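These notes concern the structure reproduced below.
The values are calculated or read from the model by the stated rules, or taken from the named source; none is laboratory data. What you see is a predicted model, and the numbers here were worked out from it, not measured in a lab. Positions of Cβ are backbone-derived with ideal geometry, glycine not excepted, and every protein chain shown enters the neighbour counts. We work out accessible area using only protein heavy atoms, side chains counted, and drop any ligands, DNA or RNA first. Shrake-Rupley method; radii C 1.70, N 1.55, O 1.52, S 1.80 Å.
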Amino acid sequence: MKNILFVCTGNTCRSPMAEAILKSYQLEGVNVKSAGVYAYPGESASVNAKLVLNDNKITHDHSASPFGEKDVEWADYIFTMTEGHKQLIASRYPQAIERTFTLKEFVLGNPYDRDVSDPFGGSKQMYEQTFAELKQLINALVEKIND
């Protein structure tokens, strides 16, 4: 069993899309959740995030969740959307550092390009670009965790 947690800022754009994309693979033995370092509990995914997931026929049902101790205990892998999120988690939960990576760092191994673009407050086109970026990263992630 692998527990994978995606983390962004408010848990309304990037991490819920990443969660829904990975869940759509229906991988056996993989549990997926998302949270936000500054999430407001119970907030739904942003309108454009929902539209883009619907356009791509990806099922989703999201309620924002603040990142906390219970997530650290649950997750085998914590994938953040930015280096900033990773550093914040490392400073608050040093015990989680060995399991915490930016999604790009884990998948691509590039030390310089580690952040997934944030579409928050942007157009549907911006969300489509972020979705495409996440989809590509998660395709590679699936190959990596299935090895």
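Of note:
- Selection from Val47, Ile97, Thr130 lying farthest towards where the dipole of segment 37-147 points positive, charges on Cβ: Val47
- From helices alone, the chain scores -13000 deg cm²/dmol at 222 nm; the rule is -39500 (n - 2.57) for each run of n ≥ 4 DSSP H residues, then divide by the residue total.
- Lys-Lys pairs in segment 1-94 that are eight or more residues apart or on separate chains and whose Cα atoms lie under 25 Å of each other come to 15.
- For segment 90-147, radius of gyration divided by Kirkwood radius, i.e. Rg to Rh on alpha-carbons: 1.04
- Accessible area per residue in Å² at 1.4 Å probe, computed on segment 81-147: 56 Å²
- Modelled FRET efficiency - R0 25 Å, Asp118 with Leu51, Cβ distances, 0.05 increments: 0.90
- Our coupling estimate for segment 48-59, obtained by passing each phi through the Karplus curve with A = 6.51, B = -1.76, C = 1.60 and θ = phi - 60°, is 5, 4, 5, 4, 5, 5, 4, 4, 9, 6, 10, 5 Hz, Gly and Pro reported as x.
- Projected label points at Glu28 and Gln125, each 7 Å from Cα along the beta carbon direction, are separated by 4.4 nanometres.
- For the chain: Kirkwood Rh in Å [reciprocal of mean 1/r, alpha carbons]: 14.9 Å
- Label zone at Glu143 (point 7 Å along Cα-to-Cβ), backbone N below 11 Å, segment 13-44: none
- Accessible area of the chain belonging to carbon and sulfur atoms, whole % at 1.4 Å probe: 49 percent
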